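Report on the structure given below.
The values are calculated or read from the model by the stated rules, or taken from the named source; none is laboratory data. Quantities reported herein were computed from a predicted structural model and do not represent experimental measurements. Cβ coordinates were reconstructed from backbone atoms using ideal geometry, including for glycine residues, and neighbour counts include every protein chain displayed. These accessible areas exclude ligands, DNA and RNA; they are computed on the full protein's heavy atoms, side chains included. Shrake-Rupley method; radii C 1.70, N 1.55, O 1.52, S 1.80 Å.
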Protein chains: 2
Amino acid sequence: MPEANPKNGFVIGVDLGGTKIFAGVFNPALECVATTKVSTKAQRGPDAVIERIVRSVQDVADEADLDLKQIGAVGIGAPGAVDGDSGTVIFAPNLPDWKDVPLKKELEKRLGITVVVENDANVSVVGVHEAELKGKPRSVVGIFVGTGIGGGLILNGALYSGFNHTAGEIGHMLIDVNGPKCGCGNKGCFEALASRSAIFQRIKAGIKEGEKTLLTEMLGDDLDDMRSNDLRKAIRRGDKFVEHVIEQAAEYIGIGVSNLVNILGPEVVVLGGGVMEALADEMMSVIIKTAKDHAMPGTLKGVEIIASKLGDNAGITGSAVLARRAAK
Amino acid sequence: MPEANPKNGFVIGVDLGGTKIFAGVFNPALECVATTKVSTKAQRGPDAVIERIVRSVQDVADEADLDLKQIGAVGIGAPGAVDGDSGTVIFAPNLPDWKDVPLKKELEKRLGITVVVENDANVSVVGVHEAELKGKPRSVVGIFVGTGIGGGLILNGALYSGFNHTAGEIGHMLIDVNGPKCGCGNKGCFEALASRSAIFQRIKAGIKEGEKTLLTEMLGDDLDDMRSNDLRKAIRRGDKFVEHVIEQAAEYIGIGVSNLVNILGPEVVVLGGGVMEALADEMMSVIIKTAKDHAMPGTLKGVEIIASKLGDNAGITGSAVLARRAAK
């Protein structure tokens, strides 16, 4: 480890979400040595959120017994369209009033450290590509299934963000023209069929229609505190209804995978996000089978379809990777 | 024009299709100065088709009053998965028995000229990018609507063909999970909803259900010789049924465009192929409106959605562009 120059050795990765700010300090071996998590308080507006990011960065450095002067750079993954060159958040559906916010500039002013900003799904696929796949594959499609579905693309060995920095909006790929309404206003988007929100809606609708499930025993009738882990627990305790709903979501994810394989011909498809972290064992075989059934002949030869092992850490890891590149 | 070295000045572009072989000689200004068209006779197998390509190249050179020695290189667009580096046709659904055919090697042996081979939709998008868009946009999605639907991607300024050389198989992007059966075995593929075949099927089904159309007057009851141009003629003569079918296909194409915009964030989306050549005036406004209704906010800012003016010449033009690069 290049201890001689700790300034460039340690970096901080931040995952800015609609509900929480997750930050981690990474050592020169890209190992996470400290983390902090605070709520975003998004409703307080951009300035207050930026202040909370500053505090998170200061706190997590302190947690790792480091001074900010010892941090080479800070990387941030933000939930929206981001211009990575200028570090501006163009818009962010889950962060009220965020429109053309110069996040990099504001943070550098307050922190006195180099800051790099990218879209959250983009940093996650960078994290998986670099830390989990050792940077080897030339093309990776990352599919992150959580409240919504985000995507990130590694093409020709590098992050691909497209003309308007919006590439990877795979959650709004329409796959069922007559499907359920999506938050975006359209019908049958990928995320209206296979995200955690879609799964939870289908479970609640099933219960209303008289389906029996262990979830009501576990969580009460309103299921307000339901999490992806609860679904795994219910399935492992023999809940056929939840098993069926999850299988159906896995089939939609498999169709999403095959669409992206047909369009982009990647070397690796990696699935991540909270839903996959909780339910990969239950979903992966269905996802892979459905993708193979639907992808064109020849497109999947030698292609890996895998669940990421980074889980919730993909975002802070990828942000740290981008920070490390910016610090050099 | 570099007349001093005609050897590198003229190239030949070939569009190898399932039914015809279309070849053109291009001068140093990338103007097409002669063309020939012969039937492919695909059922005779790879060797016979390769012989017919050789003859097409010889004939079109002669048509332009050139000797083969004056041709810098030959480019070929082939209908299937092509390894552009080795010039091998990996598989081609519409060419019986074509599996790992070393087309470049065989043609170079017979012609004594440098040959470059690529997928047909890929060469078409190269042709549009270079000849029509002057190479300016960094990212272009080409959508070619004919018997099927093919796609080609220009990303970071260069043709993108992916890990297995299959990128751009957009015709088999599933957009209606409960839609009509596709030739590939799946249901609701883009090309099962919006290709010429899909449009013709919908027209024939409508007639069986009692729809009235001028097409039966124009072509007889079986409609066996129906072409895209006939649909345009019928619409211009006031055929409401055909107009409705074409509008529906245009809506599906608009959804295909918005999916690709959400996923790839291109700078230009260009629509080509026989259906667009015949019906662009009837379809483009519906395509653009539907794409705008479905694409995510911010993704279409400054993005052009246009119909190619190259028409049937996109393939030979793009093949000529690749030939010119290979000849250098």
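Could you please state, rounded to a whole Å, how far the C-alpha centre of the range B:134-201 is from the C-alpha centre of the range A:167-187?
Taking the Cα centre of the range A:167-187 as reference, the centre of the range B:134-201 is 18 Å away.
Using a label point 7 Å beyond Cα on the Cα-Cβ vector, give me the inter-copy distances for A:Asp59 in nanometres, one decimal, shortest first.
7.7
Just report the Cα centroid separation between the range B:210-254 and the range B:43-75, whole Å.
37
For B:Asp293, place a label point 7 Å out from Cα along the Cα→Cβ vector, do the same in each other copy, and report the separations in nm, one decimal, smallest first.
Distances between equivalent label points, in nm: 3.1.
About its Cα centre, how strong a charge dipole does the range B:260-328 have in debye, to the nearest 20, once Lys and Arg get +1 and Asp and Glu get -1 at the Cβ?
With only Lys, Arg, Asp and Glu charged at Cβ, the dipole is about 400 debye.
Distance between Cα centroids, the range B:261-325 to the range B:85-117: provide it in whole Å.
Each part's Cα centre sits 28 Å from the other's.
Determine one quarter of the surface area of the Cα convex hull of the protein assembly as shown, which equals its mean projected area, and express it in nm² to one decimal.
33.1
With +1 assigned to the C-beta of every Lys and Arg and -1 to the C-beta of every Asp and Glu, and no other charges, what is the dipole magnitude of chain A about the Cα centre in debye, to the nearest 20? Provide the component values of the computation, followed by the final result.
Details: 36 positive and 42 negative charges, 82 e Å.
In total the dipole reaches around 400 debye.
Ranked highest first by the average count of other Cβ atoms within 10 Å around their residues, in what order do B:71-82, A:61-72 fall?
So the peptides B:71-82, A:61-72, ranked by packing, come out B:71-82, A:61-72.
Go ahead and estimate [θ] at 222 nm for the protein assembly as shown from helices alone: -39,500 (n - 2.57) per DSSP H run with n ≥ 4, summed, over the residue count, rounded to 500.
-12500 deg cm²/dmol
In whole angstrom, how long is each semi-axis of the equivalent ellipsoid of the range B:177-280, when you take the square root of 5 times every eigenvalue of its Cα gyration tensor and sort them from largest down?
Semi-axes, largest first: 26, 17, 11 Å.
List every residue whose amide H lies under 5 Å from the amide H of B:Gly135, counting only residues 5 or more places away in sequence or on a different chain, with H placed 1.01 Å from N in the peptide plane.
Counting only residues 5 or more places away or on other chains, the set is B:Glu130.
Which residues of the range B:175-195 show a drop of at least 50 Å² in accessible area when all protein chains are present, compared with their chain alone (probe radius 1.4 Å, heavy atoms only, ligands and nucleic acids excluded)?
Residues passing the criterion (a loss of at least 50 Å², heavy atoms only) are B:Val177, B:Asn186.
Which residues belonging to the range B:91-126 lose at least 30 Å² of 1.4 Å-probe accessible area when the assembly is complete, relative to their chain isolated?
Buried on complex formation: B:Phe91.
Looking at the range A:133-310 only, what percent of DSSP beta bridges run antiparallel? Nearest 5 please.
Here the antiparallel bridges make up roughly 55 percent for the range A:133-310.
At a 1.4 Å probe radius, carbon and sulfur cover how many percent of the accessible area of the protein assembly as shown?
That share works out to 46 percent.
Over chain A, average the accessible area per residue using a 1.4 Å probe and give it in Å², no decimals. Kindly include the intermediate steps, with their values, before the conclusion.
On the way: 13340 Å² over 328 residues.
Per residue, chain A has an accessible area of 41 Å².
Could you pull out every residue, at least 5 positions away or on a different chain, whose amide H is within less than 5 Å of the one on B:Ala73? Hs are placed 1.01 Å off N in the peptide plane, and Pro or chain starts have none.
Amide H neighbours of B:Ala73, under 5 Å, 5+ apart: B:Ile12.
Quick one: which bits of the range A:279-295 get at least 30 Å² less accessible when the partner protein chains are in, versus the chain alone, with a 1.4 Å probe?
The answer is A:His294.
Please state the shape class of the range B:59-198: rounded when a/c is under 1.5, otherwise prolate if a/b exceeds b/c and oblate if not, all from the C-alpha gyration tensor.
Judged from the Cα gyration tensor, the range B:59-198 comes out prolate (a/c at least 1.5, a/b above b/c).
Near B:Ile306, within a Cβ-to-Cβ distance under 15 Å, what is the net charge of the other residues, with Lys and Arg +1 and Asp and Glu -1? List each step's numbers first, then the result.
Working: positive: B:Lys134, B:Lys136, B:Lys289, B:Lys292, B:Lys309; negative: B:Glu132, B:Glu267, B:Glu277, B:Asp281, B:Glu304.
The answer is 0.
Counting residues in chain A as N, plug N into 2.2 N^0.38 Å and put the Cα Rg over that result.
Dividing the Cα Rg of chain A by 2.2 N^0.38 Å gives 1.00.
Beyond 24 Å between alpha-carbons counts as too far, so tell me which of A:Lys204/A:Lys240; A:Lys37/A:Lys104; A:Lys20/A:Lys187 fall in that bin.
A:Lys20/A:Lys187
How far is A:Asp222 from the same spot in each other copy, in nm, shortest first, if each label point sits 7 Å from Cα toward Cβ?
Label-point distances to the other copies, shortest first: 6.9 nm.
Per-residue HN-Hα couplings for the range A:12-24, Karplus 6.51 cos²θ - 1.76 cosθ + 1.60 at θ = phi - 60°, whole Hz, x for Gly and Pro?
Whole-Hz 3J(HN,Hα) from phi for the range A:12-24: 10, x, 10, 10, 8, x, x, 10, 9, 10, 10, 10, x.
Can you give the accessible area buried between chains B and A, summed over both chains, with a 1.4 Å probe, in Å² to the nearest 100?
Its buried surface, counting both partners, is about 3500 Å².
In whole Hz, what ³J(HN,Hα) sequence does the range B:45-61 give by Karplus (6.51, -1.76, 1.60; θ = phi - 60°), x for Gly and Pro?
With the stated coefficients, the range B:45-61 comes to x, x, 4, 5, 5, 4, 4, 5, 5, 4, 5, 4, 5, 4, 5, 6, 4 Hz.
Tell me which residues come under 5 Å, amide H to amide H, from B:Ala307 once H is placed; ignore anything under 5 positions away on its chain.
Those lying under 5 Å, H to H, from B:Ala307 are B:Leu271.
Please name whichever of B:Thr290, A:Gly302, A:Leu219 sits farthest to the positive end of the charge dipole of the protein assembly as shown, dipole taken about the Cα centre and charges placed at Cβ: Lys and Arg +1, Asp and Glu -1.
Among B:Thr290, A:Gly302, A:Leu219, the one farthest towards the positive end of the dipole of the protein assembly as shown is A:Gly302.
Within 10 Å of each Cβ in peptide A:263-270, how many partner chain Cβ atoms are there on average? Round it to a whole number, please.
Mean inter-chain Cβ contacts per residue within 10 Å come to 6.
Output wanted: per-residue J couplings in Hz (rounded whole) for the range B:84-93, from phi through Karplus 6.51 cos²θ - 1.76 cosθ + 1.60, θ = phi - 60°, x for Gly and Pro.
x, 5, 8, x, 9, 8, 6, 7, 8, x
Among B:260-266, A:206-212, what's the highest-first ranking by average C-beta atoms within 10 angstrom per residue?
For the peptides B:260-266, A:206-212, the packing ranking is B:260-266, A:206-212.
Within the protein assembly as shown, what percent of beta bridges assigned by DSSP are antiparallel, to the nearest 5?
60
Considering Cα pairs under 8 angstrom that are at least six residues apart, work out the relative contact order of chain B and quote it in whole percent.
20
Using DSSP, restrict attention to beta bridges with both residues in chain A and report what percent are antiparallel, rounded to the nearest 5.
60
State whether the range B:135-310 is rounded, prolate or oblate according to the following rule on the C-alpha gyration tensor (a ≥ b ≥ c being the square roots of its eigenvalues): a/c under 1.5 gives rounded; otherwise a/b larger than b/c gives prolate, and the remaining case gives oblate.
Prolate is the answer for the range B:135-310, as a/c is 1.5 or above and a/b outweighs b/c.
Extension gain A:Asp67-A:Val54, at 0.36 nm per residue separation less the Cα-Cα distance, in nm?
Contour length minus Cα-Cα distance gives 3.3 nm.
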